[in-house]
Amino acid sequence: EKWIGVLNEIFETNMIGEKTVSYSYMQAVLCHFYALMEISAPTTELDFKYDIDHIIPQTAFRESTLPDKEKILDNLFNLAFLPKRDNISKSNKRLRDIHNSWLREQISAYEFIEPEQYEKFSDVGNYKELFELRKEKFIQAFRAPVEKILDSGLRFAYHNHDFEFKRVTAEGETF
């Protein structure tokens with residue numbers, strides 16, 4: 001339940017205690033979240049590079065008149081892993097502007113947003129609804145028992161700003 005309190009604080013204030021949560025800390029929490037959700041790479045190979053995607057693009061926030069938009073922009077609810085190639089393809093597009101079926105599948109798998117929700121979540125004014133959707137997923141994952149992640153063998157590696165999924169045996173070998 002400590003994690004749930006920390007998550008609530010991050011989602012609601014982008015802070016832990018009196019300290020603003022850094023982007024690098026958000027990356028670490030995302031890694032843990034995806035491991036808890038047991039989300040693996042999208043094909044049979046298990047070694048993929050990932051980027052952090054801003055679900056609602058950064059420019060949408062910067063062009064908005066929302067108060068505290070810089071805090072909202074990099075909040076955990078607006079960040080998700082996408083395979084690097086797909087994140088490059090998504091670029092700075094709003095969800096409603098994505099028509100490639102493969103990219104739509106990746107967004108559903110990694111961001112938990114279905115195509116019928118794209119229009120709503122393309123509008124920065126609906127960020128609170130995206131916040132609620134994503135918060136529910138995070139809390140669900142972090143309530144899972146710790147043993148679940150330890151038994152899965154799924155690990156993230158972080159090298160040179162690239163995230164990779166790897167399966168690790170009990171002996172520490174990757175496969």
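The values are calculated or read from the model by the stated rules, or taken from the named source; none is laboratory data. Keep in mind that what you see is a predicted model, and the values were worked out from it rather than measured. No Cβ is skipped: glycine too gets one built from the backbone with ideal geometry, and neighbour counts run over all protein chains shown. The area values use the complete protein model at the heavy-atom level, side chains included, leaving out ligands, DNA and RNA. Shrake-Rupley method; radii C 1.70, N 1.55, O 1.52, S 1.80 Å.
Residues of segment 117-142 falling in the label zone of E9, defined by backbone nitrogen less than 13 Å from a point 7 Å along Cα to beta-carbon, are absent. Amide H contacts for I56 (H built 1.01 Å from N in the peptide plane; partners 5 or more residues away or on another chain; cut-off under 5 Å): none found.
Checking the Cα-Cα distances for K2/K90; K2/K93; K71/K93 against a 30 Å cut-off, the pairs over it are K2/K90; K2/K93.
Between I16 and V21, the built amide H atoms are under 5 Å apart, and every one of these is 5 or more places off in sequence or on another chain.
From the square roots a ≥ b ≥ c of the eigenvalues of the alpha-carbon gyration tensor of segment 57-146, which class results: rounded (a/c under 1.5), prolate (a/b over b/c), or oblate? Taking the square roots of the gyration eigenvalues as a ≥ b ≥ c, segment 57-146 is oblate.
Please state the charge dipole magnitude for segment 1-113, taken about the Cα centre, from unit charges on C-beta atoms (+1 on K and R, -1 on D and E), reported in debye and rounded to the nearest 20.
Roughly 340 debye for segment 1-113.
Surface composition of segment 1-140: carbon and sulfur atoms hold 50% of the protein heavy-atom accessible area at a 1.4 Å probe.
Comparing M37, N75, S91 along the charge dipole axis of segment 20-113, the residue lying farthest to the positive side is S91, per the Cβ-charge model.
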